[in-house]
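K.L.:
Below are the structure tokens for one structure; questions will follow.
The values are calculated or read from the model by the stated rules, or taken from the named source; none is laboratory data. A quick note: this is a predicted structure, and the numbers were derived from the prediction, not measured. Side chains are part of the model used for accessible areas, which takes the heavy atoms of the whole protein and leaves out ligands, DNA and RNA. Shrake-Rupley method; radii C 1.70, N 1.55, O 1.52, S 1.80 Å.
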Amino acid sequence: MKVLFAGGGTLGHIFPSFSIIEKLKNKGNKVYFISGTKENEIRILEGNSNIDEVIEELRAKGIEVDISYP
């Protein structure tokens, strides 16, 4: 199964999600995380080996982003 987490703006949502992500990875799932654009947030997420890919959030008025993922 592929699981997508999303969050951004503060770091308060990241650390609680790590225990859930670890359990999902232990069951063989792929885990993706759409993050905010803050450097420290991206660095923390990319440092977690249980996350397969960090996708930086796009914030631009009038742009539609297709987040369907293979």
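K.L.:
Can you work out which of the residues in the stretch 13-53 that are β-branched (Val, Ile, Thr) and open to solvent by 30 Å² or more (accessible area, probe 1.4 Å) is farthest from Met1 (Cα to Cα)?
P.N.:
The selected residue is Thr37.
K.L.:
Here's something else I'd like to know. Please find, among Phe18, Phe33, the residue that is modelled with pLDDT of 85 or more and in a strand (DSSP E or B).
P.N.:
Among Phe18, Phe33, only Phe33 is modelled with pLDDT of 85 or more and in a strand (DSSP E or B).
K.L.:
Any residue that is modelled with pLDDT of 85 or more and open to solvent by 70 Å² or more (accessible area, probe 1.4 Å) - is there at least one of those in the stretch 59-66?
P.N.:
Within the stretch 59-66 (the criterion being modelled with pLDDT of 85 or more and open to solvent by 70 Å² or more (accessible area, probe 1.4 Å)), the answer is no, since none of the residues qualifies.
K.L.:
Filter the stretch 3-12 for residues that are modelled with pLDDT under 80 and open to solvent by less than 50 Å² (accessible area, probe 1.4 Å) and give the result.
P.N.:
Once the filter is applied, which keeps residues that are modelled with pLDDT under 80 and open to solvent by less than 50 Å² (accessible area, probe 1.4 Å), the stretch 3-12 yields Gly7, Gly8, Gly9.
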